[in-house]
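No lab work stands behind these numbers, since they all come straight from the coordinates. Computed from a predicted structure; not experimentally measured. We place every Cβ from the backbone using ideal geometry, glycine too, and count neighbours over all the protein chains shown.
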Amino acid sequence: MERETFLYHCRILLAQTAMKYNPQAILFDMDGVLIDSLDSWWKALNDALTVCHHKGLTRDEFVSTYWGHDLKDNLQRLHLNPSVATLCNVTYGHHIEDIRLYPDTTRTLQQLTSYKKAIITNTPTDCARQILQRFDIARYFQAIVTSDDVVKAKPDPEIVFTACAQLHVNPTDVVLVGDTDSDVRAGQAAGCRVVGLRIPADVTIQQLSELLVLLI
């Protein structure tokens, strides 16, 4: 335990001394960053696959191939009509009780009130708003941009440009926080500084609250 605590403080110290950001805005992915919804989406997709008489996915298959990607893109990979997304959104509602807010999410957002903030998520609008309202965190964001608002979802940077336009900021003056390769690719393509949550990026953190020490 002492060794783990020491390593944790080393990570924080390295982050503090290596770089400090003073962004005009912060963009957050939602699933995997603010909330733990992986099992909910896995179950929802499998419910939809069952209705469509399609073989279900193991959790490992879902995580390795489909997690973090646009729902309609996932359906195309499965050779299903993108219209099945409507069914997935319905079945997702059956598993909303499985979603958990990460312990440090609200506290971190409360300490970032001086920054403009937006959600950029490949989750469809209806589902995203249900989640944000359920956990009472929608009030911390000036913009919520979902895959329904763009032609191309992440990893395409369109969703980043759309959020920046709504916040009236330049992408190069923005920090993006994400937990998947799609987030990193979208942010870097748009010119943002990308903070990866437990994944390689411009800088990597292990928990959301560590973001606070990176900001001026």
inquiry  = With angles folded into 0 to 90 degrees, how steeply does helix 38-51 sit against the dominant principal axis of the chain? Use alpha carbons for both and round to 10.
reply    = 10 degrees
task = Determine ³J(HN,Hα), in whole Hz, for all residues of the range 158-166 in sequence, where each value follows from phi through the Karplus function 6.51 cos²θ - 1.76 cosθ + 1.60 and θ = phi - 60°; x replaces Gly and Pro.
result = 4, 5, 5, 4, 5, 5, 5, 5, 5
task = For ASP179, enumerate residues with amide H under 5 Å from its amide H, sequence gap 5+ or separate chain, H modeled in the peptide plane.
result = LEU197
task = Can you tell me the relative contact order of the range 32-181? Whole percent, Cα pairs under 8 Å, sequence separation 6 or more.
result = 25 percent
Inter-label distance, nm, simple model (7 Å from Cα along the C-beta direction), SER114/GLN142 = 1.5 nm
request  = State, as an integer percentage, the relative contact order of the range 38-98 based on alpha-carbon contacts under 8 Å between residues 6 or more apart.
outcome  = 51 percent
key: 21 Å Cα-Cα threshold exceeded, pairs from LYS116/LYS152; LYS43/LYS152; LYS20/LYS116   = LYS116/LYS152; LYS43/LYS152
message = Apply the a/c threshold of 1.5 to the C-alpha gyration tensor of the range 38-98 and tell me whether it is rounded, prolate or oblate.
response = rounded
inquiry  = Please rank VAL151, VAL33, fewest neighbouring Cβ atoms within 10 Å first, as an exposure proxy.
reply    = VAL151, VAL33
note = In the range 105-211, the trypsin sites (Lys or Arg not before Pro) that sit in a DSSP loop and have at most 16 other Cβ atoms within 10 Å of their own Cβ are LYS152, ARG198
query = Hey, rough spin-label estimate for HIS94 and ASP173, points 7 angstrom out along Cα→Cβ, what's it come to in nanometres?
reply = 4.8 nm
ask   = Fewest to most neighbouring Cβ within 10 Å: what's the order for ASP179, ASP98?
value = ASP98, ASP179
inquiry  = How charged is the neighbourhood of LEU38? Take every other residue with its Cβ under 14 Å from the Cβ of LEU38, and add Lys/Arg as +1 and Asp/Glu as -1.
reply    = -4
inquiry  = Suppose each label sits 7 Å from its Cα in the direction of the beta carbon; what would the HIS79-LEU212 distance come out to in nanometres?
reply    = 5.1 nm
